[in-house]
Amino acid sequence: MALAVPMAPAQAGGSVAGATEPTQLMNNLELLKIAIDQALSAKKLIQKYALQMEQFGLEQLNIQSLAGLPAGLAPDALKAFNDVMQYKQALENLQGSLTVQSRAIEQRMTEARLLGKGWKGYLVDVAAEASRREKRAIERLRYEETVIKQVQSDYAFARNLQNQIPSTVGQHQSIQMLNTQMNRVITQNGKLLEVVSASVGRQADEDADKAESMTRAAAEREQMRQRQEAIETRQRAFGGFSQ
């Protein structure tokens, strides 16, 4: 997620909810970059392990072929290999979503710098655009909300798959370091998500209220039209009878 949005542009002292100071934002960006590096290290470990499994499997097949022995543990070995490959793909997905989030933060920081504004001033402008119901601002916040949720989802999926791979691999230092770092990222993202979701949620409520008001007004206009039409019909009928 790129930023924490002010809950109201006119807060006292220009205070902003969530991680608003440049140092806090830089810390969050650093958390993401470290997590990206550790996801890459974990993926390399898994790649190496998968290659060893593949080579071992080929060796066993050759031995069985030469000795004329039954397949034996082949199905279990295949499942273990597939589990490891699934975990590798999950790590790639996590690395990708972390990269998207870090780029979103960098883009926001670049914009603030190019506009020549401090970070708090930039956030106030973003909040003002959202409160004015500017489509681009709302869509961007919703996109950034999705980015955060994707990181959370990708890590949860990878963590679940980790439980299915051999414990000797799952307890490797590089994977444990990734888990530790991702717990920090998830905690920070949870705080950001609360702020952004609240902002987007308020806008969604406003959109829903507006849509409901428009629907109600349209229904009332239709009822009035029908009543007027009924009155005119009765008047025409009465006029014809009197003639």
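The table below lists the values:
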read-out: Probe 1.4 Å, accessible area per residue of segment 87-173, Å²; value: 52 Å²
read-out: Ser131 accessible area, 1.4 Å probe, all protein chains in place, Å² to nearest 10; value: 70 Å²
read-out: Reach of Lys43 by Cα under 23 Å, taken over lysines that are not fewer than 8 positions away in the same chain; value: Lys33, Lys79, Lys88, Lys149
read-out: In Hz, Karplus ³J(HN,Hα) per residue of segment 98-110 (6.51, -1.76, 1.60; θ = phi - 60°; x = Gly, Pro); value: 5, 5, 4, 5, 5, 5, 5, 5, 4, 5, 5, 5, 5
read-out: Note, ³J(HN,Hα) from phi for segment 34-40, Karplus 6.51, -1.76, 1.60, rounded to Hz, x at Gly and Pro; value: 5, 5, 4, 4, 6, 5, 5
read-out: Under Karplus coefficients 6.51, -1.76 and 1.60, residue-wise ³J(HN,Hα) of segment 131-146 in Hz, glycine/proline x; value: 5, 7, 6, 6, 4, 4, 5, 5, 4, 5, 5, 5, 4, 5, 5, 5
read-out: Apportionment of accessible area to carbon and sulfur, segment 77-208, percent (1.4 Å); value: 53 percent
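The values are calculated or read from the model by the stated rules, or taken from the named source; none is laboratory data. Just so we're clear, the structure is a prediction, and the values are computed from it rather than from any experiment. SASA here: full protein model, heavy atoms, side chains in, ligands and nucleic acids out. Shrake-Rupley method; radii C 1.70, N 1.55, O 1.52, S 1.80 Å.
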